[in-house]
Amino acid sequence: MNPSIQDPVVKKKVEDLLSRMSLDQKIGQMTQSERMECTPEDVKNYHLGSVLSGGGSAPGENLTADWVDMSDAYWGASMEQDTNHLAIPLIYGVDAIHGNNNIRGATVFPHNIGLGATNDPGLLERIAQVTAKEILATGVEWTFAPTLAVARDNHWGRVYESYSEDPAIVSSYSGGFVRGLQGDLGTDSVVGCVKHWVGDGGTSNGIDQGETTLSRAELERLHISPYYPALEAGVLTVMVSFNSWNGNKCHGHKVLVTDVLKDKMGFDGYVISDWDGIDYLTEDYYQAVGMGVNAGVDMFMVPENWKTFISHLSSHVRLGTVSMDRIDDAVRRILSVKFAYGLFDKPRPAERSWSNHQSFGSDEHRQVAREAVQKSLVLLKNQGNLLPLNKGSRILVAGKNADNLGHQCGGFTVAWQGTSGNEFIEGGTSIWEGIRGLSPTAVLSRDASAAMTNPQDYDVAVVVIGERPYAEGMGDIRSGDDVIIEAGSQIKGALKVLEPYGHTLELADLHPEDLGTITAIAEQGIPTVVVLVSGRTVIINRELEEATAFVAAWLPGSEGQGVADVLFGDTDFHGKLSFTWPKQTRPTINKGDENYDPLFPYGFGLSYS
Ligand code: BGC
């Protein structure tokens with residue numbers, strides 16, 4: 001329950017406005033389009049309640065000024081009042097899931113998997129506060145974050161969006177992160193959105209959008225529990241998940257959306273669908289619209305189909321297959337959030353004090369990200385105390401991820417699937433740049449195999465290896481044809497098959513070039529520190545064996561400096577595994593499982609002291 005929503009003054013404003021709205025205006029409030037698919041005129045003519053940017057969708061040159069101009073234009077249209085249209089401020093949504101990651105020059109924080117290793121709820125709250133300011137700098141007021149997925153299978157392409165396989169860590173972060181974003185709903189705050197409701201991290205074989213088969217009690221214990229602290233902190237919106245629970249898609253699940261979330265848990269904000277999420281309920285889109293609304297979804301992310309959605313929903317109401325009460329409930333919730341957040345009292349985006357603020361991407365913000373990187377690193381091996389490195393040593397830096405900001409930021413950074421190279425991530429430092437900053441004599445070998453190096457020239461090598469960026473189902477690891485067909489596990493509706501990242505979790509198979517680089521250097525007798533950039537606990541048995549020291553850096557984001565700080569011992573290792581590190585691809589193991597025989601157990605992490 002959010003006290004601002006329960007405020008009698010807010011309630012009165014909501015009822016007053018609701019009583020003056022036409023059906024078209026109400027349905028418009030329930031509709032969210034994508035910026036590429038609607039103009040400001042559409043917002044006014046169809047009374048759209050919200051517009052979003054999908055991953056990588058950005059106006060103009062993707063600078064804060066472009067975003068403020070765009071938000072201002074949509075906002076302006078939503079606030080033009082005339083005989084056909086009521087002035088109701090639009091709410092603009094983005095995936096600011098590790099900083100305001102879509103925008104050029106933003107501070108990019110480590111992805112959630114790294115933050116899970118920090119075990120530091122206070123840090124998470126500060127990260128959320130910085131993220132809120134970088135969102136406000138763009139004239140935007142809503143982020144689809146935090147993700148509360150409890151990822152139970154490291155084959156899933158979204159593991160990095162999850163803090164932990166253990167609901168305890170996710171629960172210890174969720175309330176603070178929401179508080180950090182939403183604050184007191186004053187000028188420094190944005191609207192948060194916990195996602196994806198519910199069971200997204202529990203799908204069989206870790207298939208994105210797949211099927212989570214669990215008893216109600218297990219669903220509650222593993223996947224629902226982290227939502228309680230977020231609701232207590234007053235989170236204003238919840239996003240429904242693509243996955244099914246015991247054969248039924250969450251987008252059409254009245255028990256989960258209405259009975260559990262709204263009635264039992266008392267959620268009083270609004271529920272948004274995921275991107276085209278209702279499309280998979282059934283092949284008949286008209287039916288799908290009715291099923292989603294009647295399940296209790298309040299606002300619909302219908303990026304392209306929004307006009308059809310509007311006309312179908314109008315027909316449902318006319319025919320009585322969706323009741324006017326349900327429409328009023330949905331719109332009441334949407335207006336409640338808009339009033340509670342003070343959206344009606346805000347100046348237009350161009351005139352807001354945080355818009356284009358100089359703190360966007362500032363050193364102060366980057367310092368918080370650097371601290372997060374430092375605290376997220378997990379030291380897995382340190383033979384002969386090779387680490388910390390000596391700044392005066394002759395250091396060779398190699399590996400494909402050494403000087404690659406795109407790779408160290410991962411998916412959902414500037415582009416939906418992320419980027420490669422240093423071109424698109426402005427500000428920040430690659431891991432190589434961080435090392436060079438502390439040890440100016442260090443040498444970068446861009447030759448992947450590093451075979452050309454002269455071993456006598458070096459005391460030690462740092463080899464930065466790992467995955468390339470990916471997002472959602474395109475990051476899945478799917479082994480076996482059956483599993484590929486199960487893609488998206490469309491129990492009902494159209495089958496959507498995305499090409500997965502690979503067919504094995506074995507790093508030596510996925511990225512043989514990495515083992516090649518490590519071996520080429522190690523064979524020359526140079527002690528090797530391996531730094532792994534990855535969105536999950538891939539199988540590293542062979543790389544680990546070759547390495548003298550081994551560090552899991554996750555997807556550290558824009559501040560590669562934080563990695564260097566720890567490698568040189570300016571700060572100690574602090575991170576502990578929030579995910580079990582397996583020895584083999586299958587069976588998937590999580591903390592507490594029978595026959596738990598990991599490479600490194602949950603909670604593992606060495607340090608200097
Ligand atoms: C993802 C969501 C995201 C949405 C909007 C979907 O594909 O599942 O997590 O918030 O897109 O970009």
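Tabulated values for the structure
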quantity	calculated
Any hit, segment 380-394, residues being outside any loop (DSSP other than H, G, I, E, B), out of contact with any His (no Cβ under 6 Å at 6 or more places or on another chain) and on the phi > 0 side of the Ramachandran plot	yes
Cβ pairs under 8 Å, 6+ apart, first in segment 591-609 and outside the structural domain of residue 540 (by TED's automatic domain parsing) and surrounded by fewer than 17 Cβ atoms within 10 Å (Cβ to Cβ), second at pLDDT 95 or above and of a type in the set (Asp, Glu)	607/572; 608/572; 609/572
Subset of segment 274-302 [in a helix (DSSP H, G or I), within 16 Å of the ligand (Cβ to nearest atom) and either β-branched (Val, Ile, Thr) or outside the structural domain of residue 199 (by TED's automatic domain parsing) (or both)]	278
Filtered residues of segment 1-44 (kept if open to solvent by 20 Å² or more (accessible area, probe 1.4 Å), among the aliphatic types (A, V, I, L, M) and farther than 27 Å from residue 277 by Cβ)	9
Set 324, 239: member being modelled with pLDDT of 95 or more, within 16 Å of the ligand (Cβ to nearest atom) and of a type outside the set (Val, Ile, Thr)	239
Set 226, 146: member being crowded, with 23+ Cβ neighbours inside 10 Å, at pLDDT 95 or above and either aromatic (Phe, Trp, Tyr) or within 12 Å of the ligand (Cβ to nearest atom) (or both)	146
Flag for residue 318 being more than 16 Å from the ligand (Cβ to nearest atom), farther than 20 Å from residue 42 by Cα and surrounded by fewer than 20 Cβ atoms within 10 Å (Cβ to Cβ)	yes
Qualifying strands (runs of 3 or more DSSP E) (wholly inside segment 1-96; at least 1 residues being of a type in the set (Asp, Glu) and within 16 Å of the ligand (Cβ to nearest atom))	31-34
Subset of segment 105-127 (residues that are polar (S, T, N, Q) and buried (at least 24 other Cβ atoms within 10 Å of the Cβ))	107, 112, 118
Options 130, 140; residue that is among the β-branched types (Val, Ile, Thr), open to solvent by 10 Å² or more (accessible area, probe 1.4 Å) and more than 14 Å from the chain's Cα centre (by Cα)	130
Residue list for segment 509-524, restricted to those being open to solvent by less than 60 Å² (accessible area, probe 1.4 Å) and in a loop (DSSP other than H, G, I, E, B)	511, 524
Residue in segment 248-261 that is open to solvent by 10 Å² or more (accessible area, probe 1.4 Å), within 16 Å of the ligand (Cβ to nearest atom) and either assigned by TED's automatic domain parsing to the domain that holds residue 288 or on the phi > 0 side of the Ramachandran plot (or both) present	yes
The one condition in (1) under 24 Å from residue 580 (Cα atoms); (2) outside any loop (DSSP other than H, G, I, E, B); (3) at pLDDT 95 or above that residue 152 fails to fulfil	(2)
Test: residue in segment 164-179 that is under 25 Å from residue 281 (Cα atoms), open to solvent by less than 10 Å² (accessible area, probe 1.4 Å) and not in a loop (DSSP other than H, G, I, E, B)	no
Any hit, segment 384-391, residues being farther than 25 Å from residue 600 by Cβ and assigned by TED's automatic domain parsing to the domain that holds residue 515	yes
Among residues of segment 575-590, those that are open to solvent by 50 Å² or more (accessible area, probe 1.4 Å) and either within 17 Å of residue 533 (Cα to Cα) or outside any loop (DSSP other than H, G, I, E, B) (or both), counted	1
Considering residues of segment 97-115 that are over 13 Å from the mean Cα position of the chain (by Cα) and closer than 22 Å to residue 431 by Cβ only, the residue nearest to the ligand (Cβ to nearest atom)	106
Residue match in segment 549-559 (condition: surrounded by fewer than 24 Cβ atoms within 10 Å (Cβ to Cβ), out of contact with any helix residue (DSSP H, G or I) (no Cβ under 6 Å at 6 or more places or on another chain) and in a strand (DSSP E or B))	no
Single match in 91, 103 (criterion: farther than 28 Å from residue 363 by Cβ and modelled with pLDDT of 95 or more)	91
Filter result (in contact with a His (Cβ under 7 Å, 6 or more places away or on another chain) and of a type in the set (Phe, Trp, Tyr)) within segment 82-122	109
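The values are calculated or read from the model by the stated rules, or taken from the named source; none is laboratory data. The shown structure was predicted, so the numbers you read here are calculated from the model rather than taken from an experiment. Note that we place each Cβ from the backbone using ideal geometry, even for glycine, and neighbour counts take in every protein chain shown. What goes into the accessible areas is simple: the full protein's heavy atoms, side chains included, and nothing from ligands, DNA or RNA. Shrake-Rupley method; radii C 1.70, N 1.55, O 1.52, S 1.80 Å.
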